[in-house]
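Novice: Structure provided below as structure tokens; questions to follow.
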Amino acid sequence: MALDQSFVGRSYPPTEPYEVGREKIREFAEAVGDANPAYTDTEAAKALGHPEVIAPPTFVFSITFKAAGQVVADPQLGLDYSRVVHGDQKFAYSRPVRAGDRLTVTSTIEKIRSMAGNEVLDIRGEVHDQAGEHVVTAWTKLVARPAEEA
């Protein structure tokens, strides 16, 4: 079943704040194998002009992907998540994510299209800090494979 095109432009409520912790940043940096000291050492981060340790650029994926779950779980959209693969991800930063940030994400459906029998869904996640300042925009592309015919 095709996704409902009338959902293009629909935004979902902001998520509850996610508090970014130093330990989460350190664990993520270790998991992706990035030894940049700005991710683990406050003094190294300050030497680069940051008030606190910063997160690797892809750290925010887990926050924005979870927020996109509101879109995925919307029964009216008609997305069968069991048929979905992650197609693409990109980010545009206003500033790095820092330890101590309390981030909220507002997800918006930017585009729905059919391509080679698949349904492609583009979701934009706008990430703001506790002061309401923009931190990053994340774009997630989900590809829903067609149901197999019996």
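The values are calculated or read from the model by the stated rules, or taken from the named source; none is laboratory data. Just so you know, these numbers come straight off a predicted model, no measurement behind them. Cβ atoms come from the backbone with ideal geometry, glycine included; neighbour counts cover every protein chain shown.
Novice: Take residues that are of a type in the set (Phe, Trp, Tyr) and tell me which of the helices (runs of 4 or more DSSP H) falling wholly in the stretch 1-108 contain 2 or more.
Specialist: On the way: elements: 22-32, 42-47, 61-72.
By residue number, 61-72.
Novice: I've got another one for you. Only residues that are in contact with a helix residue (DSSP H, G or I) (Cβ under 6 Å, 6 or more places away or on another chain), β-branched (Val, Ile, Thr) and closer than 17 Å to Ser94 by Cβ: list them for the stretch 25-59, please.
Specialist: Ile54
Novice: Do you know which residues across the stretch 109-119 are without any contact (Cβ under 8 Å) to a residue 12 or more places away in the chain and outside any strand (DSSP E or B)?
Specialist: If the condition is that a residue be without any contact (Cβ under 8 Å) to a residue 12 or more places away in the chain and outside any strand (DSSP E or B), then Ala116 is the only one that fits.
Novice: Name the single residue that is surrounded by the most Cβ atoms within 10 Å (Cβ to Cβ) among those in the stretch 40-70 being touching a residue at least 60 places away in the same chain (Cβ under 8 Å) and within 21 Å of Arg10 (Cα to Cα). Walk me through it before giving the result.
Specialist: Initially, the stretch 40-70 is screened for residues touching a residue at least 60 places away in the same chain (Cβ under 8 Å), giving 60-61, 63-65, 68.
If we keep only those that are within 21 Å of Arg10 (Cα to Cα) too, we end up with 61, 63-65, 68.
On the way: Phe61: 17, Ile63: 21, Thr64: 25, Phe65: 19, Ala68: 22.
Here the answer is Thr64.
Novice: Could you tell me whether Glu119 is of a type in the set (Asp, Glu), modelled with pLDDT of 95 or more and in contact with a strand residue (DSSP E or B) (Cβ under 9 Å, 6 or more places away or on another chain)?
Specialist: no
Novice: Right, another one. How many of the residues making up the stretch 52-94 are in contact with an Asp or Glu (Cβ under 8 Å, 6 or more places away or on another chain) and of a type outside the set (Ser, Thr, Tyr)?
Specialist: First, pick out the residues of the stretch 52-94 that are in contact with an Asp or Glu (Cβ under 8 Å, 6 or more places away or on another chain): 53, 56, 76-79, 94.
Narrowing the set further to residues that are of a type outside the set (Ser, Thr, Tyr) leaves 53, 56, 76-79.
Here the count works out to 6.
Novice: From Asp101, Asp129, Asp122, grab the single residue that is farther than 15 Å from Tyr12 by Cα, in contact with an Asp or Glu (Cβ under 8 Å, 6 or more places away or on another chain) and either free of Cβ contacts under 8 Å to residues at least 40 places away in the same chain or of a type in the set (S, T, N, Q) (or both).
Specialist: Step by step, each of Asp101, Asp129, Asp122 is checked, and only Asp129 is farther than 15 Å from Tyr12 by Cα, in contact with an Asp or Glu (Cβ under 8 Å, 6 or more places away or on another chain) and either free of Cβ contacts under 8 Å to residues at least 40 places away in the same chain or of a type in the set (S, T, N, Q) (or both).
Novice: Which number in (1) surrounded by fewer than 21 Cβ atoms within 10 Å (Cβ to Cβ); (2) modelled with pLDDT of 95 or more; (3) in contact with a Leu (Cβ under 7 Å, 6 or more places away or on another chain) marks the one condition that Gln130 misses?
Specialist: (3)
Novice: Working carefully through the options Tyr39, Tyr18, find the one that is over 23 Å from Thr108 (Cα atoms) and out of contact with any Ser or Thr (no Cβ under 6 Å at 6 or more places or on another chain). Walk me through it before giving the result.
Specialist: Numbers: Tyr18 fails: over 23 Å from Thr108 (Cα atoms).
Matching residue, one of Tyr39, Tyr18: Tyr39.
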